[in-house]
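Notes follow the structure.
The values are calculated or read from the model by the stated rules, or taken from the named source; none is laboratory data. Keep in mind that this is a model prediction, so the values were computed, not measured. Because the Cβ atoms are built from the backbone with ideal geometry, glycine has one as well, and the counts that use them run over all protein chains shown.
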């Protein structure tokens, strides 16, 4: 959201980056940009938005969804959010426009104006720090779901002591029961040693991406498109190994993201790219250049306004 702010300002708009609850009258806005359900999470925030509409009924509200609208853990655990949001939108149907990172979700809110807008990244925050290699294989995110636990367990089996996992401690603890299905007692010890804790701040995230030989991405959301981690890694001049996604080619990222087809292919590609540093570095350099040219959030701020207008 800070990236969009910089972008809107760069094309001549005056922007307030503020908690909606702190807004004061008069509300002289043309647009309000909200991330996912935004103000719906907290009652006083919702009341403020209703007040804005009562004073300025022409204001447009854009909801930029970068998560699955139905994914409970991505929206503060409020399982009622989707229903209450849809009901709210019915009251202000002409004013609200929705933007989704994956085309899969465009029809989630029938009758509302919905658009596809791929993820982009703030290339001032995620950048090449020029760091020496510190990690062999890294995974950042929730090590939850059978899909992720199966793959992470396989890597622990095939590459003992090379995997590093960064996540909330509670999510890692929750994963220990699930990996028992795939690992024996000794391997579970190795899995526990993979845990490196939670990463504070975007700069630290970028530094991990920048100093890893292989950054692993295992998508759980969407059908075809690419999540934030994809663009954060590439902008950080990191090497990305990702499960196969249809939009990698249509978004022009085929030459900068290495995809794996299945578990066997994953292990082969990890072995290959751990061994061939020059090849990794060539891909990393292309990735940073391409993302900074075409997916920098500041440069693309105009596009999100053009999309909804």
| query | Just one of 183, 176, 163 is touching a helix residue (DSSP H, G or I) at 6+ places or on another chain (Cβ under 6 Å) and over 27 Å from residue 284 (Cβ atoms); which is it? | reply | 183
| Filtered residues of the stretch 252-270 (kept if free of Cβ contacts under 8 Å to residues at least 24 places away in the same chain and either under 18 Å from residue 118 (Cα atoms) or in a helix (DSSP H, G or I) (or both)) | 254, 264, 265, 268
| Quick one: in the stretch 242-268, which of the residues that are over 18 Å from residue 121 (Cα atoms) and under 16 Å from the mean Cα position of the chain (by Cα) is surrounded by the most Cβ atoms within 10 Å (Cβ to Cβ)? | 245
| field | Pairs with Cβ under 7 Å, 6+ apart, first in the stretch 1-19 and in contact (Cβ under 8 Å) with a residue 60 or more places away in the chain, second surrounded by fewer than 12 Cβ atoms within 10 Å (Cβ to Cβ) and in a helix (DSSP H, G or I) | value | none
| query | Looking at the stretch 188-207, which of its residues are touching a helix residue (DSSP H, G or I) at 6+ places or on another chain (Cβ under 6 Å) and either assigned to a helix (DSSP H, G or I) or not assigned by TED's automatic domain parsing to the domain that holds residue 234 (or both)? | reply | 190, 191
| message | Residues to consider are 125, 140; find the one that is in the same structural domain as residue 173 (by TED's automatic domain parsing) and either under 20 Å from the mean Cα position of the chain (by Cα) or surrounded by 14 or more Cβ atoms within 10 Å (Cβ to Cβ) (or both). | response | 140
| Of all residues making up the stretch 116-131, the number that are assigned to a loop (DSSP other than H, G, I, E, B) and touching a strand residue (DSSP E or B) at 6+ places or on another chain (Cβ under 7 Å) | 3
| So residue 36 fits all but one of (1) closer than 17 Å to residue 107 by Cα; (2) modelled with pLDDT under 90; what number is the exception? | (2)
| query | Which ones in the stretch 291-306 are over 17 Å from residue 250 (Cα atoms) and outside any helix (DSSP H, G or I)? | reply | 296, 297, 298, 299, 300
| field | Selection within the stretch 34-63 - touching a residue at least 60 places away in the same chain (Cβ under 8 Å) and touching a helix residue (DSSP H, G or I) at 6+ places or on another chain (Cβ under 6 Å) | value | 62
| note | When every residue in the stretch 147-190 that is within 26 Å of residue 131 (Cα to Cα) and over 24 Å from the mean Cα position of the chain (by Cα) is compared, the one surrounded by the fewest Cβ atoms within 10 Å (Cβ to Cβ) is 161
| task | Could you please let me know if residue 109 is surrounded by fewer than 21 Cβ atoms within 10 Å (Cβ to Cβ), touching a helix residue (DSSP H, G or I) at 6+ places or on another chain (Cβ under 9 Å) and without any contact (Cβ under 8 Å) to a residue 60 or more places away in the chain? | result | yes
| message | Condition first: touching a helix residue (DSSP H, G or I) at 6+ places or on another chain (Cβ under 6 Å) and surrounded by 12 or more Cβ atoms within 10 Å (Cβ to Cβ). Now tell me which residues in the stretch 2-22 satisfy that. | response | 4, 7, 8, 15, 17, 20, 21
